[in-house]
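> Questions regarding the structure given below will be posed in turn.
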Amino acid sequence: MTTPVRRRLELPERYDLARTVGSLVAVRHDACARVDGRGFWLALRTPDGPGTLWCARDGEALVATGYGSGADWVVDRADAIAGLRDDVAGFAELAARHPMVARLARTFAGVRMPATGRVFPRLVRAVLEQKVTGKEAHRAYRAMVAHFGEPAPGPAELLLPPDPAAVAATPYWVFHPFGVEQRRAQTLLRAAAVADRLERCVDAAEATRRLVALPGIGAWTAAEVVRTAYGDADAVSVGDYHIPSTVTWALAGEARGTDERMLELLEPFRGHRGRVCDLLAAGGIMAPRRGPRMPLRSFARF
C-alpha cells in the first residue's frame, strides 16, 4: 500500500469548492466521485495508474491528498481539478456587458471551472447523455460503472471509471441491459479503441478535432468533454435541447432559441461563452416550457 501524498493549496477569495467540482460528480451516488460536507473525492485512471484524490478545506487553504500508484499525478493536478488554474482575468469586464451575466458573475464569483486532464471518463458520460433524458443517461452511467467497476485506492470505497481497454473489448449488445442502444454503444467502443490518443491531446482544440472525427461524436459531445477535461471556458454545447432557448431567454427575452441565435448572443463573451452558459444554469435560468417532457425508454430487452 502506497503512502498518501499531500499538497496544500492557497485559495482565492470566496472560493466555493462544492459548486466548482459539482460538475465532476455525474449523478447522485456516483461511484467514481463524491462531494459531501467535508470535501471532495475523485477516482481516476491516471498515466501512472489508479489514483484517488481527496480535497478538503483547511481555513483559507485546500489540502489535497492522493492515494494509490497515481497519487503523485492526482495531487500534482489537484489545483486544476479544483478549478484553481481557471483564468478568470478580464471576465468581470465582459460580464458587465449584460446585467443578467454581471449579476450571476457576482453571485457565483467563487466558482471556478475544473480541468481533470482526463478525457475518456467525461466522454463516457457525454455519449450516454446523447439524445436521451437525464434519468436515462444517469441510469445507464450507474449500470456501466458497476459493470466495469474496479475498486479505487484509498479509504473512500469508490470505483475507478471504466477502463477503455475493457470497454473496447466488449460486444455492443452487452450495453443493452444498461439501457444503451447499438448506436451509442458503438460510439463508446470506437472512442475506447482510441482513448490513448485522445488522452495525449495537448489542448481542447486538438481534443475537439480528434473527437468530432469519430463517428457518433459531434460538436455537443466534444464541448461537454473539453469543458471538463481541459477547463475550456469557451466551449459551447451546440446542439443541446435546452441551452439555446435558455441563452436567448436570458440575454434577449426570446423564449425560443436556435444554435445560431445563441452563438450570436454569446459572441460578446467570446473566450468565456461556456462559462456564461454555466452561470445561467447555476442561476436556475430556464426558458418557458414548450411541451411535454421526453418519455423514458428502455433498451434492456432489445
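Every number here is computed from the coordinates shown, using simple stated rules; none is lab data. Fair warning: this is a prediction, and the values are worked out from it, not measured in the lab. Please note: Cβ atoms are built from the backbone with ideal geometry, for glycine as well, and neighbour counts cover all protein chains shown.
> Report relative contact order for region 1-105 in percent, whole number only (criteria: Cα-Cα under 8 Å, sequence separation at least 6).
26
> Now a separate question. What ranking do 24-31, 60-67 get when scored by the average of other Cβ atoms within 10 Å per residue, highest first? Please list the in-between numbers first.
Numbers: 24-31: 16.9, 60-67: 19.9.
The packing order, highest mean first, is 60-67, 24-31.
> Mind putting a number on the dipole of the chain about its Cα centre? Charges go on the C-beta only, +1 for Lys and Arg and -1 for Asp and Glu, and I need it in Debye to the nearest 20. Could the numbers behind the result be given before it?
Details: 41 positive and 34 negative charges, 196 e Å.
In total the dipole reaches around 940 debye.
> Which shape class, rounded, prolate or oblate, goes with region 200-276 when its Cα gyration tensor gives a ≥ b ≥ c as root eigenvalues, a/c under 1.5 marks rounded, and past that a/b bigger than b/c marks prolate?
prolate
> When the Karplus curve 6.51 cos²θ - 1.76 cosθ + 1.60 is applied with θ = phi - 60°, which whole-Hz ³J(HN,Hα) does each residue of region 78-95 get, with x for Gly and Pro?
Karplus-based 3J(HN,Hα) across region 78-95 equals 4, 5, 5, 4, 7, x, 7, 8, 5, 8, 9, 4, x, 5, 4, 5, 5, 4 Hz.
> Next question. Find which of Leu104, Ala92, Thr65 sits farthest along the positive direction of the dipole of region 1-129, computed with +1 on the beta-carbon of Lys and Arg, -1 on that of Asp and Glu, about the Cα centre.
Most positive-ward Cα: Leu104.
> Only loop residues by DSSP count here, and only those with at most 13 other Cβ atoms within 10 Å; note down the GluC sites (Glu not before Pro) in region 157-244 that meet that.
Details: sites: Glu157, Glu181, Glu199, Glu206, Glu224; in loops: Glu157, Glu181.
The qualifying sites are Glu157.
> For Met100, what is the net charge nearby, where nearby means another residue's Cβ is under 15 Å from its Cβ and Lys, Arg count +1, Asp, Glu -1?
Numbers: positive: Arg97, Arg103, Arg106, Arg273, Arg275; negative: Glu254, Asp278.
Summing Lys/Arg as +1 and Asp/Glu as -1 gives +3.
> Between Leu9 and residues 5 or more places away or on another chain, which pairs have amide H atoms under 5 Å apart, with H built 1.01 Å from N, and which residues are they?
Leu62, Val63, Ala64
> Something else now. Give me the log10 of I(q) over I(0) for region 116-202 at q = 0.24 Å⁻¹, as the Debye formula computes it from C-alpha points; what are the numbers?
Values, matching the q order: -1.27.
> Right, next: So if R0 is 22 Å, what FRET efficiency would His242 and Thr107 give, r being the distance between their Cβ atoms, rounded to the nearest 0.05?
Details: r = 21 Å, r/R0 = 0.94.
Approximately 0.60, to the nearest 0.05.
> A further question on this structure: Once the piece of chain linking Asp36 and Ala205 is laid out straight, how much longer is it, given 0.36 nm per residue of separation minus the C-alpha distance between them?
Length gained, Asp36 through Ala205: 57.5 nm.
> About the Cα centre of region 118-229, how large is the charge dipole given +1 on each Lys and Arg Cβ and -1 on each Asp and Glu Cβ? Please answer in debye to the nearest 20.
Numbers: 15 positive and 11 negative charges, 67 e Å.
Rounded to the nearest 20 debye, it is 320 debye.
> Efficiency by 1/(1 + (r/R0)^6): what FRET value for Glu93 and Val63, r their Cβ-Cβ distance, R0 = 30 Å, to the nearest 0.05? Intermediate results must be reported in sequence, preceding the final value.
Working: r = 33 Å, r/R0 = 1.11.
Efficiency computed from Cβ-Cβ geometry: 0.35.
> Rounded to the nearest 0.05, what FRET efficiency is calculated for Asp76 and Ala156 with R0 set to 22 Å and r the Cβ-Cβ distance?
Working: r = 20 Å, r/R0 = 0.89.
That gives a FRET efficiency of 0.65.
> Let me ask you something else. So for region 118-272, averaging the separation of alpha carbon pairs under 8 Å that are six or more residues apart and normalising by length, what relative contact order in percent results?
Values: 195 pairs, mean separation 29.4, N = 155.
Computed value for region 118-272: 19 percent relative contact order.
> Same structure, new question: When only Cα pairs under 8 Å and 6 or more residues apart are kept, what is the percent relative contact order across region 98-170? Don't skip to the answer; put the middle values down first.
Numbers: 35 pairs, mean separation 14.3, N = 73.
Relative contact order for region 98-170 comes out at 20 percent.
> Divide by every residue of the chain the summed helix terms, -39500 (n - 2.57) for each DSSP H run of at least 4, and state the resulting mean residue ellipticity at 222 nm, rounded to the nearest 500 deg cm²/dmol. Numbers along the way, then the final one.
On the way: 15 runs with 123 residues, N = 302.
Using -39500 (n - 2.57) per qualifying helix, the result is -11000 deg cm²/dmol.
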